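The values are calculated or read from the model by the stated rules, or taken from the named source; none is laboratory data. Being a predicted model, the structure only gives us computed values, none of them experimental. Here the Cβ is made from the backbone with ideal geometry for all residues, glycine too, and neighbour counts use every protein chain on show. SASA here: full protein model, heavy atoms, side chains in, ligands and nucleic acids out. Shrake-Rupley method; radii C 1.70, N 1.55, O 1.52, S 1.80 Å.
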Amino acid sequence: MDSKEIEEKIKAEAIRQHTVSVDPNAPGKGSTTINMTDGVLIPKKGEKHVFTSWRLTFFGALILSAVLIIFFPDPYRQIFLTCLRGAPVTFEVTIFSIIGAVIIGTFTGLGSVSKRRWINMICGVYVELIRGIPLLVQLIFIYYAVGSFFHVEGMMAAIFALSVCFGAYMGEIVRAGIQAIPKGQMEAAIALGMSRSQAFRYIILPQTVKVILPAIGNEFISMLKDSSLVSVLALEDILRCGRMYISRTFLSLETMLVVALIYLIITLVLSRLVGLLEERLHKNG
Amino acid sequence: MAKIEIQNLSKDFTTPNGVLHAVKNASLTVNDGEVVVIIGPSGSGKSTMLRCVNGLEKPTSGHILIDGVDTTAPSTDIRKIREDVGMVFQSFNLFPHLTVLDNITLAPIKVRKMDRKSAEELAMKLLKRVGLEEKAEVHPPQLSGGQQQRVAIARALAMNPKAMLFDEPTSALDPEMIKEVLDVMLSLAKDGMTMLLVTHEMGFARAAADKVVFMDKGEIIETGTPEKMFTNPESERTQDFLNHIL
């Protein structure tokens, strides 16, 4: 192994540790997949250990919920109904924010691979800035910052803040996805007389989408969990509904148990869906 | 058809271990309708020189003229040059997310602004020429290497190029598929296409080349007709190389 090879290995390793990694299980032929950090916990057929753990947790959570509701209807039935009232808000915030994050991430990712240095710089600074500040701090900051210029309601501010924050991570996913496409694809497009932007539009991005789809699913799950932070912005999501219930009844432990169970069940269902999506992509790819 | 003139071309790469002189002061002319084959050991700068012709690599110094137009001049739009110079790669580089037909029609539609119907007619004609008209709706990963390379040739021909560059077109192929690709290339040569190739197929060089160029360590060592190069090379390095591979 000569020094150049070693250097490339080290570089690849550094990138891998930087939250984004190329899935080692992906078959080598053109269907590279990118996984974010908790991607290994996505249950897929064939990964028996993860799949069994997933099943155990999922059915455990379901059975526990059922037992609580059936055998201890007072107060659990009431708690469940109250907390679930926050679910639409949680989903609304998550879905709109992930759309915003994908849009911001696409531009950031393209900017990071741009040939113009100043665009690289802007995108790099944005990513570093966002990654360096806790999400809760960003949320509250953006809420007040935006609020002091415009009159916006909590929902808009929350979606904006979550989009800006996750857009940075999404940008890194898009960048890694673009870089996972073999160099020859760009060269072939350029050799045919296409401009770089045409090559991106018709050749690189359509292939990138397929590579990063599972990673986006992953981000969606993270986003759903992190959306609980918006409860500080006077948004009535699942967590806030629970906390309001506690302030009325002082049933802290019981209520938080239910809140945790609801998040857990939603997250586990979504994980399985992302796993199925990945399996389908591998089969077709 | 076109004339390619490479004049005093040099290309350096900056690597962590210093500057690598990939091509050193190379000059070469491919006349209209000529087939020129570049041979030489790996790492001798053959591919780099080829890639300079359509600007995939930017020359460090020297000039490349295509039909008298200097491609290295800042005023030249290199994209216009690329439209007229087809290229075939060692690793095919077909677009895996598009069907064979769309692979071929994409550039004529987007770059040449051809309408879809005539582009598809053209594509079918070219697919017939390379013997793959029944594969139009298939995606490239389902084709064999030889079939993929023939599609890649059809894709390059769809831009109606004045000249074609081939960068080791058969090196990634299993032996039994090499012939089907070489046959297509031979028929192109017979039709008078200007071709500049990097290849290890000495049989092809003998059969089709007007000129054979031997490169080593970035320099053009010797140029001559195939008969002369294969039977009676002047330089010792050429002799050595040919003894090793023949």
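Here are some notes:
- Other-chain or far-sequence residues with amide H under 5 Å of residue B:216's (modelled H): B:221
- Shown here for segment B:178-216: trypsin sites (Lys or Arg not before Pro) in loop regions (DSSP other than H, G, I, E, B) with at most 13 other Cβ atoms within 10 Å, of which there are none.
- Less than 5 angstrom separates the built amide H of residue B:60 from those of B:10, B:11, B:12, all sequence-distant by 5 or more or on a different chain.
- Residue B:170 accessible area, 1.4 Å probe, all protein chains in place, Å² to nearest 10: 10
- For residue A:126, solvent-accessible area (1.4 Å; no DNA, RNA or ligand), Å²: 50
- In the assembled protein chains, residue B:193 presents an accessible area of approximately 20 Å² (probe radius 1.4 Å).
- Rounded if a/c under 1.5, otherwise prolate or oblate - the protein assembly as shown, Cα gyration tensor axes: prolate
- Using a Gaussian network model of chain B in which every pair of alpha carbons under 10 angstrom is joined by a spring, one finds that among B:36, B:130, B:111 the greatest mean-square fluctuation is at B:111.
- Nitroxide proxy distance, nm - points 7 Å out along Cα→Cβ at residue A:201 and residue B:236: 5.9
- Farthest positive-ward along chain B dipole, Cα basis, beta-carbon charges - from B:242, B:213, B:189: B:189
- Net dipole in debye of segment B:91-246 [+1 Lys, Arg Cβ; -1 Asp, Glu Cβ; about Cα centre; nearest 20]: 760
- Calculated from backbone phi, Karplus (6.51, -1.76, 1.60) coupling profile of segment A:250-265 in Hz, x at Gly/Pro: 6, 8, 4, 4, 4, 5, 5, 4, 5, 4, 4, 4, 5, 4, 4, 5
- Here's how it looks for residue B:163: its modeled amide H is under 5 Å from those of B:86, which are all 5 or more places away or on a different chain.
- Radius of gyration over Kirkwood radius for segment A:49-128, both on Cα atoms: the Rg/Rh ratio is 1.30.
- Extent of segment B:197-246 along its three principal axes (Cα atoms, max minus min coordinate, largest first): 25, 20, 18 Å.
- Contour minus Cα-Cα distance for residue A:119 and residue A:53 (0.36 nm per residue): 19.4 nm
- Each label was represented as a point 7 Å from its Cα along the Cα-to-Cβ direction; for residue A:140 and residue B:245 these points are 7.0 nm apart.
- The share of accessible area on the protein assembly as shown that comes from carbon and sulfur is 60 percent, using a 1.4 angstrom probe.
- Taking the longest Cα principal axis of chain B as reference, the axis of helix B:236-245 is set at about 40 degrees.
- Once the Cα atoms are used to define both axes, helix B:116-129 deviates from the longest principal axis of chain B by about 60 degrees.
- DSSP finds beta bridges in the protein assembly as shown, and of those with both partners inside it, around 60 percent are antiparallel.
- Per-residue ³J(HN,Hα) for segment B:153-161, Karplus 6.51 cos²θ - 1.76 cosθ + 1.60, θ = phi - 60°, Hz, x for Gly and Pro: 5, 4, 4, 5, 5, 4, 7, 6, x
- For chain B, the relative contact order works out to 27 percent when only alpha carbon pairs closer than 8 Å and six or more residues apart are counted.
- Segment B:1-155, Cα convex hull volume normalised per residue, Å³: 149
- Annotation: lysines with alpha-carbon distance below 16 angstrom to residue B:117 (same-chain offsets under eight excluded): B:125.
- Computed from phi, the 3J(HN,Hα) profile of segment A:89-105 under the Karplus parametrisation 6.51, -1.76, 1.60 (θ = phi - 60°) reads 5, 4, 5, 4, 4, 5, 5, 5, 5, 5, 5, x, 5, 5, 5, 4, x Hz, with x in place of Gly and Pro.
- Model label zone, residue A:281; criterion: amide N under 19 Å from point 7 Å along Cα-to-beta-carbon; scope segment A:98-117: A:98-110
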